[in-house]
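We did not get these values from a lab; they are worked out from the coordinates using the rules stated. This structure is a prediction, so every number in the text was calculated from the model and none was measured. Note: ideal-geometry Cβ built from the backbone for every residue, glycine included; neighbour counts use all protein chains shown.
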Amino acid sequence: MVQIPKWLLISFVLVSFTGFLDSSFLSLEHYNRGILPCYIFSGCDEVTASRYATVAGVPISLAGATFYLSILIAAIFYLDTKNAKALKILKFLPAVGFLASLWLLFLQFFIIKAICFYCILSLVSSTMLFILGLYLFVLLKKDRKREWDGKIV
């Protein structure tokens, strides 16, 4: 089994924690019906109050918080136990979050026509997790190839 660099796992923890805080804040503001302070962009309220901000009455930000929390737990779980199942989550789940973020970015730019600072922060977090997941995928693929190269078939 390949040795997973500690910096990679700590990066998963830090980035997913940042995304979790961002998404949790948006979820709390949704339920508190607060006015979001919007930095850099001015469309936070337009985006978070749009019909695309919820699915079946549940805010998308809550799904984001769950996504980031899952990655955070998987990374900590792997750091603690070295359980390979956690690596599967870290390999594949970031791709789902990245695709969802791209869809939400499309909605902001072309449908809602407003940009939310917190949503962009989430996009940056999910993109970084996607890149970390790709790096992990490549590491594990190289290790698997090395295993096959050493065996006589």
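Near Ser61, once Lys and Arg are set to +1 and Asp and Glu to -1 for all other residues with Cβ below 11 Å from its Cβ, the sum equals -2. Distance between the pseudo-spin-label points of Asp45 and Thr66 (7 Å out from Cα toward the beta carbon): 2.9 nm. Springs between Cα atoms under 10 Å define the GNM used for the chain, and in it the highest mean-square fluctuation of Leu90, Leu72, Leu134 occurs at Leu134. Think of it as helices only: each DSSP H run of n ≥ 4 in the chain is worth -39500 (n - 2.57), and spread over all residues that comes to -25000 deg cm²/dmol at 222 nm. Roughly how big is the chain's charge dipole about its Cα centre, with Cβ charges of +1 (Lys, Arg) and -1 (Asp, Glu), in debye to the nearest 20? The dipole of the chain has a size of about 720 debye.
Span-like helix criteria (full DSSP H runs; alpha carbon extent of at least 30 Å along the helix axis; mean Kyte-Doolittle hydropathy of at least 1.0) are satisfied in the chain by 60-81, 84-106. Taken over the chain, lysine pairs spaced eight or more positions apart, or on distinct chains, with alpha carbons under 20 Å apart number 20. Along the axis of the charge dipole computed for the chain (Cβ charges of +1 for Lys and Arg, -1 for Asp and Glu, origin at the Cα centre), the listed residues Asn83, Leu102, Val124 are led at the positive end by Asn83.
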